[in-house]
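Note sheet for the following structure.
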Amino acid sequence: MTSAIWHERRLGEEKLRRNDHRSPYQRDRARILHSAAFRRLQAKTQVLGVGMNDFYRTRLTHSLEVSQIGTGICAQLKQKYPDLHHLLDSMSLIESLCLAHDIGHPPFGHGGEIALNYMMRGDGGFEGNGQTFRILTALEPYTQHFGMNLTRRTLLGILKYPASHAELYQSQPRPDVDSYRQLKPSQWRPVKGIFDEDKPVLDWVLEPLSINDRELFVSAESVAREQHRRTRHKSLDCSIMELADDTAYAIHDLEDAIVMGIVTQTMWQQDVANVLAGSQDDWIAKEFSAIGDKLFALENHLRKDAIGTLVNGFVTAILIDENPNFSEPLLRYNARLEGPFAEALHVLKQFVYKRVIRKPEIQMLEYKGQQIVMELFEAFASDPERLLPLNTQERWQQMAQQQGNCNRVIADYISGMTDEFAARLHQHLFSAKAGSLIDLQ
(Lines give C-alpha, C1' and ligand atoms only; values in the text may rest on other atoms or scores of the structure.)
Protein backbone atom coordinates (compact mmCIF):
# COMPACT_ATOMS: atom_id res chain seq x y z
CA MET A 1 0.00 0.00 0.00
CA THR A 2 1.50 3.33 -1.01
CA SER A 3 2.07 5.93 1.68
CA ALA A 4 0.14 8.47 -0.40
CA ILE A 5 -3.14 6.71 0.44
CA TRP A 6 -2.41 6.93 4.17
CA HIS A 7 -1.52 10.62 3.81
CA GLU A 8 -4.95 11.44 2.38
CA ARG A 9 -7.44 13.61 4.25
CA ARG A 10 -11.23 13.43 3.90
CA LEU A 11 -11.36 17.08 2.89
CA GLY A 12 -8.84 17.86 0.19
CA GLU A 13 -6.51 20.73 1.10
CA GLU A 14 -4.73 23.16 -1.16
CA LYS A 15 -3.14 25.42 1.41
CA LEU A 16 -0.24 27.24 -0.16
CA ARG A 17 1.42 28.52 2.96
CA ARG A 18 4.73 30.30 2.62
CA ASN A 19 7.75 27.99 2.86
CA ASP A 20 5.79 25.28 4.69
CA HIS A 21 7.87 22.10 4.39
CA ARG A 22 6.23 20.10 7.17
CA SER A 23 5.31 16.44 6.70
CA PRO A 24 1.61 15.43 6.84
CA TYR A 25 2.12 14.04 10.36
CA GLN A 26 3.82 17.22 11.57
CA ARG A 27 0.70 19.08 10.42
CA ASP A 28 -1.50 16.60 12.29
CA ARG A 29 0.52 17.08 15.47
CA ALA A 30 0.21 20.86 15.21
CA ARG A 31 -3.57 20.67 14.77
CA ILE A 32 -3.90 18.50 17.87
CA LEU A 33 -1.55 20.65 19.99
CA HIS A 34 -3.37 23.87 19.08
CA SER A 35 -6.90 22.51 19.54
CA ALA A 36 -9.24 23.67 22.30
CA ALA A 37 -10.01 20.01 23.09
CA PHE A 38 -6.33 19.40 23.85
CA ARG A 39 -6.05 22.50 26.05
CA ARG A 40 -9.05 21.39 28.11
CA LEU A 41 -7.09 18.31 29.23
CA GLN A 42 -5.20 20.60 31.64
CA ALA A 43 -8.33 20.77 33.80
CA LYS A 44 -9.55 17.17 33.50
CA THR A 45 -8.97 14.43 36.03
CA GLN A 46 -6.25 11.87 35.42
CA VAL A 47 -6.60 9.77 38.58
CA LEU A 48 -6.53 12.24 41.47
CA GLY A 49 -9.10 15.02 41.28
CA VAL A 50 -7.96 18.41 40.04
CA GLY A 51 -7.71 20.76 43.01
CA MET A 52 -6.56 18.20 45.61
CA ASN A 53 -2.94 19.14 45.01
CA ASP A 54 -1.13 21.26 42.46
CA PHE A 55 1.71 18.80 41.91
CA TYR A 56 0.26 15.69 40.36
CA ARG A 57 -0.71 14.90 36.80
CA THR A 58 -3.73 16.03 34.82
CA ARG A 59 -4.88 14.47 31.55
CA LEU A 60 -2.72 17.06 29.77
CA THR A 61 0.57 16.29 31.52
CA HIS A 62 -0.25 12.56 31.26
CA SER A 63 -0.65 12.94 27.48
CA LEU A 64 2.66 14.79 27.20
CA GLU A 65 4.40 11.99 29.11
CA VAL A 66 2.74 9.33 26.96
CA SER A 67 4.08 11.18 23.91
CA GLN A 68 7.61 11.19 25.31
CA ILE A 69 7.44 7.47 26.12
CA GLY A 70 5.90 6.69 22.72
CA THR A 71 8.75 8.33 20.82
CA GLY A 72 11.21 6.46 23.06
CA ILE A 73 9.54 3.16 22.13
CA CYS A 74 9.62 4.08 18.45
CA ALA A 75 13.34 4.93 18.61
CA GLN A 76 14.08 1.57 20.27
CA LEU A 77 12.09 -0.37 17.67
CA LYS A 78 13.85 1.41 14.79
CA GLN A 79 17.16 0.14 16.15
CA LYS A 80 15.90 -3.38 16.81
CA TYR A 81 14.07 -3.78 13.49
CA PRO A 82 15.95 -1.92 10.71
CA ASP A 83 13.91 -3.84 8.09
CA LEU A 84 10.76 -2.11 9.37
CA HIS A 85 12.30 1.37 9.37
CA HIS A 86 9.85 2.48 6.64
CA LEU A 87 6.93 1.82 9.03
CA LEU A 88 8.57 3.63 11.96
CA ASP A 89 9.86 6.65 10.10
CA SER A 90 7.70 9.36 11.70
CA MET A 91 8.08 10.42 15.32
CA SER A 92 5.48 13.13 14.66
CA LEU A 93 2.89 10.43 13.89
CA ILE A 94 3.46 8.65 17.21
CA GLU A 95 3.47 12.00 19.03
CA SER A 96 0.14 12.89 17.40
CA LEU A 97 -1.48 9.66 18.54
CA CYS A 98 -0.14 9.95 22.09
CA LEU A 99 -1.14 13.60 22.44
CA ALA A 100 -4.65 12.89 21.13
CA HIS A 101 -5.42 9.55 22.80
CA ASP A 102 -7.32 11.03 25.79
CA ILE A 103 -8.85 14.02 24.04
CA GLY A 104 -12.38 12.58 24.19
CA HIS A 105 -12.46 11.75 27.87
CA PRO A 106 -15.23 13.60 29.74
CA PRO A 107 -14.98 15.50 33.03
CA PHE A 108 -14.49 13.46 36.21
CA GLY A 109 -12.72 10.57 34.51
CA HIS A 110 -14.38 7.16 34.65
CA GLY A 111 -17.30 8.56 36.67
CA GLY A 112 -18.16 11.01 33.90
CA GLU A 113 -17.86 8.30 31.25
CA ILE A 114 -20.22 5.95 33.10
CA ALA A 115 -22.68 8.80 33.67
CA LEU A 116 -22.81 9.79 30.00
CA ASN A 117 -23.05 6.14 28.91
CA TYR A 118 -26.06 5.69 31.20
CA MET A 119 -27.76 8.87 29.99
CA MET A 120 -27.12 7.77 26.37
CA ARG A 121 -28.22 4.17 27.01
CA GLY A 122 -31.02 4.39 24.45
CA ASP A 123 -29.11 6.60 22.01
CA GLY A 124 -25.92 4.75 21.12
CA GLY A 125 -24.05 4.97 24.42
CA PHE A 126 -20.90 6.94 25.25
CA GLU A 127 -17.24 5.95 25.53
CA GLY A 128 -14.09 8.08 25.73
CA ASN A 129 -12.20 6.53 22.81
CA GLY A 130 -15.23 6.82 20.57
CA GLN A 131 -15.51 10.50 21.56
CA THR A 132 -11.82 11.02 20.75
CA PHE A 133 -12.44 9.77 17.21
CA ARG A 134 -15.53 12.00 16.97
CA ILE A 135 -13.65 15.13 18.10
CA LEU A 136 -10.81 14.52 15.65
CA THR A 137 -13.09 13.78 12.69
CA ALA A 138 -16.17 15.97 13.25
CA LEU A 139 -16.32 18.28 16.27
CA GLU A 140 -13.09 20.26 16.61
CA PRO A 141 -13.68 23.36 14.45
CA TYR A 142 -10.45 23.34 12.44
CA THR A 143 -12.77 22.77 9.47
CA GLN A 144 -16.52 23.26 9.18
CA HIS A 145 -17.58 19.61 8.96
CA PHE A 146 -14.44 17.42 9.11
CA GLY A 147 -13.00 18.17 12.54
CA MET A 148 -9.21 18.45 12.42
CA ASN A 149 -9.19 16.74 9.00
CA LEU A 150 -6.27 14.50 9.97
CA THR A 151 -4.52 12.01 7.70
CA ARG A 152 -5.96 8.55 7.24
CA ARG A 153 -2.98 6.86 8.96
CA THR A 154 -3.29 9.07 12.05
CA LEU A 155 -6.97 8.17 12.31
CA LEU A 156 -6.15 4.48 11.82
CA GLY A 157 -3.64 4.77 14.66
CA ILE A 158 -6.12 6.33 17.09
CA LEU A 159 -8.57 3.42 16.60
CA LYS A 160 -8.14 1.26 19.68
CA TYR A 161 -11.46 -0.45 18.94
CA PRO A 162 -12.17 -0.28 15.18
CA ALA A 163 -15.86 -1.30 15.09
CA SER A 164 -19.15 0.49 15.67
CA HIS A 165 -21.38 0.42 18.75
CA ALA A 166 -24.08 -1.58 16.94
CA GLU A 167 -21.57 -4.30 16.04
CA LEU A 168 -20.30 -4.67 19.61
CA TYR A 169 -23.29 -3.94 21.88
CA GLN A 170 -24.84 -6.86 23.74
CA SER A 171 -27.99 -6.29 25.79
CA GLN A 172 -27.61 -7.17 29.47
CA PRO A 173 -30.26 -7.73 32.14
CA ARG A 174 -29.85 -4.88 34.63
CA PRO A 175 -31.77 -3.96 37.79
CA ASP A 176 -34.02 -0.92 37.53
CA VAL A 177 -32.43 2.28 38.83
CA ASP A 178 -34.91 4.33 40.86
CA SER A 179 -32.56 7.31 41.04
CA TYR A 180 -29.15 8.36 39.76
CA ARG A 181 -27.81 7.94 43.29
CA GLN A 182 -28.12 4.15 42.95
CA LEU A 183 -26.26 3.76 39.66
CA LYS A 184 -23.45 1.17 39.85
CA PRO A 185 -20.62 1.64 37.32
CA SER A 186 -20.06 -2.13 37.00
CA GLN A 187 -23.54 -2.48 35.48
CA TRP A 188 -23.09 0.26 32.87
CA ARG A 189 -19.70 -0.40 31.28
CA PRO A 190 -19.57 1.33 27.89
CA VAL A 191 -19.17 -0.36 24.52
CA LYS A 192 -15.56 0.19 23.49
CA GLY A 193 -15.93 1.28 19.88
CA ILE A 194 -16.96 4.00 17.45
CA PHE A 195 -20.37 5.65 17.71
CA ASP A 196 -22.83 4.57 15.02
CA GLU A 197 -23.07 8.19 13.77
CA ASP A 198 -19.35 8.06 12.93
CA LYS A 199 -19.41 4.74 11.05
CA PRO A 200 -19.08 6.44 7.62
CA VAL A 201 -15.79 8.00 8.76
CA LEU A 202 -14.55 4.63 10.02
CA ASP A 203 -15.41 3.13 6.62
CA TRP A 204 -13.38 5.89 4.93
CA VAL A 205 -10.35 5.22 7.16
CA LEU A 206 -10.46 1.48 6.33
CA GLU A 207 -11.15 2.00 2.61
CA PRO A 208 -7.60 1.14 1.38
CA LEU A 209 -7.67 -2.27 3.09
CA SER A 210 -8.44 -5.50 1.26
CA ILE A 211 -11.77 -7.15 2.08
CA ASN A 212 -9.96 -9.85 4.07
CA ASP A 213 -7.89 -7.34 6.06
CA ARG A 214 -10.93 -5.18 6.80
CA GLU A 215 -13.11 -8.06 7.97
CA LEU A 216 -10.33 -9.42 10.20
CA PHE A 217 -9.43 -5.99 11.57
CA VAL A 218 -12.98 -5.16 12.70
CA SER A 219 -13.78 -8.69 13.92
CA ALA A 220 -14.81 -8.97 17.57
CA GLU A 221 -15.27 -11.61 20.24
CA SER A 222 -16.98 -12.05 23.57
CA VAL A 223 -14.54 -11.69 26.46
CA ALA A 224 -14.99 -13.24 29.90
CA ARG A 225 -16.35 -10.77 32.49
CA GLU A 226 -17.01 -8.18 29.76
CA GLN A 227 -20.54 -7.07 29.03
CA HIS A 228 -20.00 -6.35 25.35
CA ARG A 229 -17.96 -7.78 22.51
CA ARG A 230 -14.41 -6.47 21.99
CA THR A 231 -12.39 -6.02 18.83
CA ARG A 232 -9.21 -8.10 18.60
CA HIS A 233 -6.79 -6.10 16.44
CA LYS A 234 -5.01 -2.75 16.32
CA SER A 235 -2.59 -1.11 13.92
CA LEU A 236 1.16 -1.01 14.58
CA ASP A 237 0.99 2.70 15.43
CA CYS A 238 -1.89 2.13 17.86
CA SER A 239 -0.06 -0.74 19.60
CA ILE A 240 2.92 1.58 20.26
CA MET A 241 0.66 4.34 21.58
CA GLU A 242 -1.19 1.92 23.86
CA LEU A 243 2.05 0.55 25.35
CA ALA A 244 3.18 4.11 26.04
CA ASP A 245 -0.17 4.90 27.67
CA ASP A 246 -0.09 1.80 29.89
CA THR A 247 3.49 2.52 30.96
CA ALA A 248 2.70 6.14 31.86
CA TYR A 249 -0.45 5.11 33.73
CA ALA A 250 1.26 2.40 35.75
CA ILE A 251 4.47 4.26 36.63
CA HIS A 252 3.73 7.98 36.64
CA ASP A 253 0.38 7.68 38.43
CA LEU A 254 2.20 5.51 40.96
CA GLU A 255 4.68 8.36 41.48
CA ASP A 256 1.82 10.79 42.24
CA ALA A 257 0.38 8.36 44.77
CA ILE A 258 3.77 7.95 46.48
CA VAL A 259 4.35 11.71 46.72
CA MET A 260 0.89 12.26 48.21
CA GLY A 261 1.34 9.45 50.74
CA ILE A 262 -1.53 7.38 49.34
CA VAL A 263 0.64 4.27 48.99
CA THR A 264 3.36 3.12 51.37
CA GLN A 265 6.50 1.05 50.98
CA THR A 266 4.81 -1.76 52.93
CA MET A 267 2.00 -1.87 50.34
CA TRP A 268 4.59 -1.86 47.55
CA GLN A 269 6.52 -4.71 49.12
CA GLN A 270 3.38 -6.77 49.63
CA ASP A 271 1.63 -6.18 46.30
CA VAL A 272 4.53 -5.67 43.87
CA ALA A 273 8.02 -6.58 45.08
CA ASN A 274 7.04 -9.92 46.63
CA VAL A 275 4.95 -10.88 43.60
CA LEU A 276 7.69 -10.06 41.07
CA ALA A 277 10.55 -11.56 43.10
CA GLY A 278 9.91 -14.83 41.26
CA SER A 279 9.90 -13.29 37.77
CA GLN A 280 11.53 -15.29 35.00
CA ASP A 281 13.45 -12.17 34.02
CA ASP A 282 16.53 -11.55 36.18
CA TRP A 283 16.37 -7.75 35.71
CA ILE A 284 12.77 -7.59 36.94
CA ALA A 285 13.41 -9.88 39.92
CA LYS A 286 16.45 -7.88 40.97
CA GLU A 287 15.21 -4.32 40.31
CA PHE A 288 11.73 -4.67 41.80
CA SER A 289 13.07 -6.21 44.99
CA ALA A 290 15.50 -3.31 45.58
CA ILE A 291 13.92 -0.25 43.93
CA GLY A 292 11.35 0.33 46.68
CA ASP A 293 13.98 2.03 48.86
CA LYS A 294 14.54 4.64 46.15
CA LEU A 295 10.86 4.99 45.21
CA PHE A 296 9.88 5.82 48.78
CA ALA A 297 13.00 7.79 49.70
CA LEU A 298 12.55 11.27 51.14
CA GLU A 299 15.04 12.66 48.63
CA ASN A 300 13.21 13.59 45.43
CA HIS A 301 16.14 12.85 43.14
CA LEU A 302 16.27 9.23 44.28
CA ARG A 303 12.58 8.75 43.52
CA LYS A 304 12.96 10.37 40.09
CA ASP A 305 15.91 8.09 39.32
CA ALA A 306 13.83 5.04 40.28
CA ILE A 307 10.90 6.18 38.11
CA GLY A 308 13.27 6.69 35.17
CA THR A 309 14.75 3.23 35.71
CA LEU A 310 11.30 1.62 35.59
CA VAL A 311 10.21 3.49 32.47
CA ASN A 312 13.48 2.58 30.72
CA GLY A 313 13.01 -1.07 31.67
CA PHE A 314 9.65 -1.26 29.91
CA VAL A 315 10.56 0.89 26.90
CA THR A 316 13.56 -1.32 26.11
CA ALA A 317 11.61 -4.59 26.47
CA ILE A 318 9.26 -4.17 23.51
CA LEU A 319 9.18 -6.51 20.52
CA ILE A 320 7.32 -6.55 17.21
CA ASP A 321 5.12 -9.52 16.34
CA GLU A 322 4.01 -10.46 12.85
CA ASN A 323 0.49 -11.68 12.02
CA PRO A 324 0.65 -13.35 8.57
CA ASN A 325 -3.15 -13.23 8.26
CA PHE A 326 -2.90 -9.51 7.36
CA SER A 327 -1.46 -8.28 4.07
CA GLU A 328 -1.33 -4.55 5.00
CA PRO A 329 1.99 -3.96 6.85
CA LEU A 330 0.41 -1.44 9.26
CA LEU A 331 -1.84 -4.26 10.51
CA ARG A 332 0.55 -7.17 9.95
CA TYR A 333 3.00 -5.90 12.58
CA ASN A 334 2.20 -5.07 16.23
CA ALA A 335 4.35 -4.01 19.17
CA ARG A 336 4.14 -5.93 22.44
CA LEU A 337 6.02 -6.25 25.71
CA GLU A 338 8.21 -9.29 26.38
CA GLY A 339 6.27 -11.79 28.50
CA PRO A 340 7.84 -11.12 31.94
CA PHE A 341 7.59 -7.34 31.40
CA ALA A 342 3.95 -7.63 30.34
CA GLU A 343 3.33 -9.48 33.60
CA ALA A 344 5.22 -6.83 35.60
CA LEU A 345 3.23 -4.01 33.96
CA HIS A 346 0.01 -5.82 34.80
CA VAL A 347 1.10 -6.11 38.44
CA LEU A 348 1.88 -2.37 38.54
CA LYS A 349 -1.46 -1.44 36.94
CA GLN A 350 -3.33 -3.63 39.41
CA PHE A 351 -1.42 -2.00 42.27
CA VAL A 352 -2.47 1.49 41.14
CA TYR A 353 -6.05 0.30 40.63
CA LYS A 354 -6.33 -1.41 44.01
CA ARG A 355 -4.43 1.06 46.19
CA VAL A 356 -5.28 4.36 44.44
CA ILE A 357 -8.29 4.23 42.14
CA ARG A 358 -10.39 2.00 44.41
CA LYS A 359 -9.52 4.06 47.50
CA PRO A 360 -12.87 5.26 48.96
CA GLU A 361 -11.80 8.92 48.97
CA ILE A 362 -11.06 8.73 45.23
CA GLN A 363 -14.27 6.81 44.55
CA MET A 364 -16.25 9.50 46.37
CA LEU A 365 -14.85 12.11 43.98
CA GLU A 366 -15.73 9.87 41.05
CA TYR A 367 -19.23 9.30 42.43
CA LYS A 368 -19.78 13.04 42.88
CA GLY A 369 -18.66 13.71 39.32
CA GLN A 370 -20.96 10.96 38.10
CA GLN A 371 -23.95 12.67 39.78
CA ILE A 372 -23.00 16.10 38.42
CA VAL A 373 -22.81 14.83 34.84
CA MET A 374 -26.12 12.95 34.99
CA GLU A 375 -27.96 15.91 36.50
CA LEU A 376 -26.51 18.30 33.92
CA PHE A 377 -27.58 15.95 31.13
CA GLU A 378 -31.09 15.66 32.53
CA ALA A 379 -31.41 19.44 32.78
CA PHE A 380 -30.26 20.09 29.20
CA ALA A 381 -32.40 17.27 27.79
CA SER A 382 -35.47 18.66 29.57
CA ASP A 383 -35.46 21.85 27.47
CA PRO A 384 -32.44 22.05 25.11
CA GLU A 385 -33.66 25.11 23.22
CA ARG A 386 -33.82 27.00 26.47
CA LEU A 387 -30.74 25.87 28.40
CA LEU A 388 -28.03 24.92 25.89
CA PRO A 389 -25.54 27.59 24.72
CA LEU A 390 -26.57 29.24 21.46
CA ASN A 391 -24.07 27.48 19.19
CA THR A 392 -24.93 24.09 20.75
CA GLN A 393 -28.62 24.92 20.37
CA GLU A 394 -28.02 25.39 16.65
CA ARG A 395 -26.41 21.94 16.38
CA TRP A 396 -29.29 20.44 18.37
CA GLN A 397 -31.87 22.08 16.08
CA GLN A 398 -30.07 20.90 12.95
CA MET A 399 -30.00 17.38 14.33
CA ALA A 400 -33.71 17.59 15.20
CA GLN A 401 -34.57 18.77 11.68
CA GLN A 402 -32.66 15.79 10.25
CA GLN A 403 -34.47 13.50 12.72
CA GLY A 404 -31.06 12.52 14.06
CA ASN A 405 -29.77 11.63 17.51
CA CYS A 406 -30.27 14.94 19.36
CA ASN A 407 -28.96 13.56 22.65
CA ARG A 408 -25.58 13.01 20.99
CA VAL A 409 -25.27 16.81 20.76
CA ILE A 410 -25.86 17.09 24.52
CA ALA A 411 -23.29 14.36 25.20
CA ASP A 412 -20.80 16.16 22.94
CA TYR A 413 -21.32 19.39 24.90
CA ILE A 414 -20.99 17.89 28.38
CA SER A 415 -18.06 15.63 27.52
CA GLY A 416 -16.09 18.67 26.36
CA MET A 417 -16.38 20.38 29.75
CA THR A 418 -13.53 20.54 32.24
CA ASP A 419 -14.13 19.26 35.78
CA GLU A 420 -14.26 22.78 37.19
CA PHE A 421 -16.60 24.16 34.53
CA ALA A 422 -19.03 21.24 34.94
CA ALA A 423 -19.03 21.64 38.75
CA ARG A 424 -19.66 25.40 38.56
CA LEU A 425 -22.38 25.02 35.93
CA HIS A 426 -24.08 22.38 38.08
CA GLN A 427 -23.92 24.75 41.05
CA HIS A 428 -25.40 27.55 38.97
CA LEU A 429 -28.31 25.38 37.85
CA PHE A 430 -29.12 23.72 41.16
CA SER A 431 -27.82 25.90 44.00
CA ALA A 432 -29.93 28.84 45.25
CA LYS A 433 -26.76 30.70 46.25
CA ALA A 434 -24.93 30.43 42.93
CA GLY A 435 -23.80 33.58 41.16
CA SER A 436 -24.34 34.67 37.58
CA LEU A 437 -23.60 32.34 34.71
CA ILE A 438 -21.71 35.21 33.11
CA ASP A 439 -18.94 34.43 35.62
CA LEU A 440 -18.49 31.05 33.90
CA GLN A 441 -17.68 32.47 30.49
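The values are calculated or read from the model by the stated rules, or taken from the named source; none is laboratory data. Bear in mind that the values here come from a model prediction, so they are computed numbers and not experimental data. Every residue, glycine among them, receives a Cβ derived from its backbone with ideal geometry; neighbour counts consider all protein chains shown. Heavy atoms of the whole protein, side chains included, go into the accessibility calculation; ligands, DNA and RNA do not. Shrake-Rupley method; radii C 1.70, N 1.55, O 1.52, S 1.80 Å.
Any residue at all in region 387-394 that's hydroxyl-bearing (Ser, Thr, Tyr), modelled with pLDDT under 95 and touching a helix residue (DSSP H, G or I) at 6+ places or on another chain (Cβ under 6 Å)? No: zero hits. The set of residues from region 73-91 being surrounded by 18 or more Cβ atoms within 10 Å (Cβ to Cβ) and small (Gly, Ala, Ser) comprises just one member, SER90.
Give the residue that is modelled with the lowest pLDDT, with candidates limited to residues of region 1-29 that are among the acidic types (Asp, Glu) and outside any helix (DSSP H, G or I). Checking each candidate, the answer is GLU14. Taking region 358-389 as the range and being loosely packed, with under 15 Cβ neighbours inside 10 Å, of a type in the set (D, E, K, R) and farther than 17 Å from ILE114 by Cα as the test, the residues that pass are GLU361, ASP383, GLU385, ARG386.
In region 194-208, the residues that are crowded, with 18+ Cβ neighbours inside 10 Å reach residues that are at pLDDT below 95 and of a type in the set (A, V, I, L, M, F, W, C) with C-beta atoms within less than 9 angstrom, at least six apart or across chains, in these pairs: PRO208/MET1.
Considering region 107-164, the qualifying helices (runs of 4 or more DSSP H), each wholly inside and each with 3 or more residues that are crowded, with 24+ Cβ neighbours inside 10 Å and in contact with a Pro (Cβ under 6 Å, 6 or more places away or on another chain), run over 109-119. Considering the conditions (1) open to solvent by less than 20 Å² (accessible area, probe 1.4 Å); (2) touching a Ser or Thr at 6+ places or on another chain (Cβ under 8 Å), ASP253 is excluded by exactly one of them, (2). For residues in region 30-43 being open to solvent by less than 60 Å² (accessible area, probe 1.4 Å) and assigned to a helix (DSSP H, G or I), which is farthest from LEU97 (Cα to Cα)? Here the answer is ALA43. Just so you know, in region 56-83 the residues that are of a type in the set (Val, Ile, Thr) and either in contact with a strand residue (DSSP E or B) (Cβ under 6 Å, 6 or more places away or on another chain) or assigned to a helix (DSSP H, G or I) (or both) include one that is farthest from PRO106 (Cα to Cα), and it is ILE73.
When restricted to residues that are open to solvent by 20 Å² or more (accessible area, probe 1.4 Å), under 22 Å from GLY128 (Cβ atoms) and of a type in the set (S, T, N, Q), region 390-437 contains 3. Residues that are under 27 Å from the mean Cα position of the chain (by Cα) number at least 1 in the following helices (runs of 4 or more DSSP H) confined to region 358-438: 360-382, 390-401, 406-415, 419-430. Out of the residues in region 340-357 that are open to solvent by 80 Å² or more (accessible area, probe 1.4 Å) and within 21 Å of the chain's Cα centre (by Cα), state the one that is farthest from GLN265 (Cα to Cα). Ranking the qualifying residues of region 340-357, first place goes to HIS346.
Please enumerate the residues belonging to region 310-347 that are touching a helix residue (DSSP H, G or I) at 6+ places or on another chain (Cβ under 7 Å) and among the polar types (S, T, N, Q). THR316, ASN323, ASN325, SER327, ASN334, listed by residue number. Whether a residue is under 20 Å from ARG134 (Cβ atoms) and either out of contact with any strand residue (DSSP E or B) (no Cβ under 6 Å at 6 or more places or on another chain) or in contact (Cβ under 8 Å) with a residue 24 or more places away in the chain (or both) was assessed, and LEU302 does not pass this test.
Restricted to region 165-185, and to residues there that are part of a loop (DSSP other than H, G, I, E, B) and at pLDDT 90 or above, the residue that is least open to solvent (accessible area, probe 1.4 Å) is LEU183. The residue list ARG121, ARG134, ARG59 contains one member that is more than 17 Å from VAL201 (Cα to Cα) and either within 15 Å of the chain's Cα centre (by Cα) or of a type in the set (A, V, I, L, M) (or both), which is ARG59.
The residues of region 327-357 that are in contact (Cβ under 8 Å) with a residue 24 or more places away in the chain, of a type in the set (A, V, I, L, M, F, W, C) and in a helix (DSSP H, G or I), listed by number, are LEU330, LEU331, PHE341, ALA344, LEU345, VAL347, LEU348, PHE351, VAL352, VAL356, ILE357. When TRP188, TRP268, TRP283 are checked against the criterion of being surrounded by fewer than 18 Cβ atoms within 10 Å (Cβ to Cβ) and not hydroxyl-bearing (Ser, Thr, Tyr), TRP283 stands alone in meeting it.
Looking for something crowded, with 17+ Cβ neighbours inside 10 Å, part of a helix (DSSP H, G or I) and in contact with a strand residue (DSSP E or B) (Cβ under 8 Å, 6 or more places away or on another chain) - is there at least one such residue anywhere in region 311-326? Within region 311-326, one or more residues are crowded, with 17+ Cβ neighbours inside 10 Å, part of a helix (DSSP H, G or I) and in contact with a strand residue (DSSP E or B) (Cβ under 8 Å, 6 or more places away or on another chain). Looking only at region 286-299, filter to residues that are in a loop (DSSP other than H, G, I, E, B) and either among the aromatic types (Phe, Trp, Tyr) or over 26 Å from GLY339 (Cβ atoms) (or both); which one of those is most open to solvent (accessible area, probe 1.4 Å)? Applying the filter and picking the extreme gives LEU298.
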